[in-house]
Amino acid sequence: VAVRYADMVDKYKAVWVSHSSMGDFLKCPRAYYLHNVYKNPDTGRKITIVNPALTLGSAVHATLEALKVLPVEERLRRDLAADFEKEWAANASGKKGGFTDDAEEAEAKARGRAMVERVMKNPGPIKKKTVKLKESGNDMPPNFVLSKDDNIVLCGVIDWLEYIEADDSVRIIDFKTGKNEEDEDSLQLPIYLLLLNALQKRRVSGAAYWYLEKSDTPTDVALPDAREAMEKVLALARRVKVARENRAYECPRGAMGCFACQPYEAIVAGKAEYVGVGGYGQDAYVV
């Protein structure tokens, strides 16, 4: 049974996990530590890396997810291309987006603009009613206590929740801006299902990935089994908790590091360029 955050004693002592943080851990515990635990001794802030692919994804997501708070009729009147241009200028352009030259930026920006233009031409779920999760009382992303005994909180932000009027249910839609399809072993859907089952009462009746670079419509994917999702996510979350308790953050490839941790090691070693404070209040660097 899901436990609401109010039943948690101290949010600062809990281990918080999410799809991205557990993804870091699976790639490399050292990368997990440097991205999710370590703080810059000069600023007290966590560190993050900016690169063109992440910047492109962030700009497209920010443009589309801003529609969630608007009534349906207003959504369809939005000039998403103009919204994207503003978002890009404010948060993505130049070094702060991880771009090394104008040509690289122009290519990424054109790809992103094409994605939002695709949605303008094929609004699909955008023109349907949505479900909004209640704001968290703790000023954090939607979350619930995954395990009270283990003091673990699961959090996450779902791109889009389509309301299915026919049976009063909810459909998950996740925007994809990368070129690769989501791995079938991904924990993203299991985590979203757990969040929705804990934080709202409607049945989750479906899920889809919308590959915005190549598809005019979302691609349906099978929902995971809720019990299996809980077992899978909790097992990994407990591994993260044990690693944090034991400060066991070694890279599986040893002192040489791996593709996941080496860029963060470069930041710590002073070999990366600081470009400002990122969206989550992290010190952002180009490596």
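The values are calculated or read from the model by the stated rules, or taken from the named source; none is laboratory data. Bear in mind the structure is a predicted one, so any value in this text is a computation, not a measurement. All Cβ positions, glycine included, derive from the backbone under ideal geometry; neighbour counts span all protein chains shown. Please note that ligands, DNA and RNA were not included when accessible areas were found on the heavy atoms of the full protein model with its side chains. Shrake-Rupley method; radii C 1.70, N 1.55, O 1.52, S 1.80 Å.
Here is how the numbers come out for the structure above:
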quantity	calculated
Options 133, 76, 70, 64: the member that is without any contact (Cβ under 8 Å) to a residue 12 or more places away in the chain and closer than 30 Å to residue 201 by Cα	70
Of all residues in segment 92-111 being open to solvent by 60 Å² or more (accessible area, probe 1.4 Å) and assigned to a loop (DSSP other than H, G, I, E, B), the one that is nearest to residue 287 (Cα to Cα)	100
Every residue from segment 243-265 that is surrounded by 15 or more Cβ atoms within 10 Å (Cβ to Cβ) and either among the acidic types (Asp, Glu) or part of a helix (DSSP H, G or I) (or both)	243, 244, 262, 263, 264, 265
Only listed residue being modelled with pLDDT under 95, open to solvent by 30 Å² or more (accessible area, probe 1.4 Å) and not hydrophobic (A, V, I, L, M, F, W, C), chosen from 151, 143	151
Complete set of residues in segment 112-140 that are aliphatic (A, V, I, L, M) and assigned to a loop (DSSP other than H, G, I, E, B)	131, 133, 140
Checking residue 37 against (1) surrounded by fewer than 18 Cβ atoms within 10 Å (Cβ to Cβ); (2) modelled with pLDDT under 95; (3) aliphatic (A, V, I, L, M), the condition it does not meet	(2)
Filter result (in a helix (DSSP H, G or I) and open to solvent by 50 Å² or more (accessible area, probe 1.4 Å)) within segment 41-60	53, 54, 58
Condition check for residue 80: touching a helix residue (DSSP H, G or I) at 6+ places or on another chain (Cβ under 7 Å) and open to solvent by less than 60 Å² (accessible area, probe 1.4 Å)	yes
Checklist (1) in a helix (DSSP H, G or I); (2) closer than 23 Å to residue 267 by Cβ; (3) among the polar types (S, T, N, Q) applied to residue 63, failing item	(2)
Segment 52-82, subset under 29 Å from residue 100 (Cβ atoms) and touching a strand residue (DSSP E or B) at 6+ places or on another chain (Cβ under 8 Å), residue modelled with the lowest pLDDT	65
Meets criteria (without any contact (Cβ under 8 Å) to a residue 12 or more places away in the chain, among the aliphatic types (A, V, I, L, M) and open to solvent by 30 Å² or more (accessible area, probe 1.4 Å)) for residue 114	no
Breaking point among (1) in contact (Cβ under 8 Å) with a residue 12 or more places away in the chain; (2) part of a loop (DSSP other than H, G, I, E, B); (3) under 23 Å from residue 109 (Cα atoms), for residue 38	(3)
Some residue of segment 189-204 being more than 30 Å from residue 93 (Cα to Cα), aromatic (Phe, Trp, Tyr) and out of contact with any helix residue (DSSP H, G or I) (no Cβ under 7 Å at 6 or more places or on another chain)	yes
Which listed residue, of 270, 278, is open to solvent by 40 Å² or more (accessible area, probe 1.4 Å) and either in contact (Cβ under 8 Å) with a residue 60 or more places away in the chain or over 28 Å from residue 133 (Cβ atoms) (or both)	270
Which numbered condition residue 158 misses (of (1) open to solvent by 30 Å² or more (accessible area, probe 1.4 Å); (2) assigned to a loop (DSSP other than H, G, I, E, B))	(1)
Set 75, 113, 118: member being out of contact with any helix residue (DSSP H, G or I) (no Cβ under 9 Å at 6 or more places or on another chain) and not aromatic (Phe, Trp, Tyr)	118
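Table: residues versus (1) surrounded by fewer than 17 Cβ atoms within 10 Å (Cβ to Cβ); (2) in a loop (DSSP other than H, G, I, E, B); (3) of a type in the set (Gly, Ala, Ser).
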{"site": "204", "(1), (2), (3)": "no, no, no"}
{"site": "208", "(1), (2), (3)": "no, no, yes"}
{"site": "214", "(1), (2), (3)": "yes, yes, no"}
{"site": "227", "(1), (2), (3)": "yes, no, no"}
{"site": "233", "(1), (2), (3)": "no, no, no"}
{"site": "238", "(1), (2), (3)": "yes, no, no"}
{"site": "241", "(1), (2), (3)": "no, no, no"}
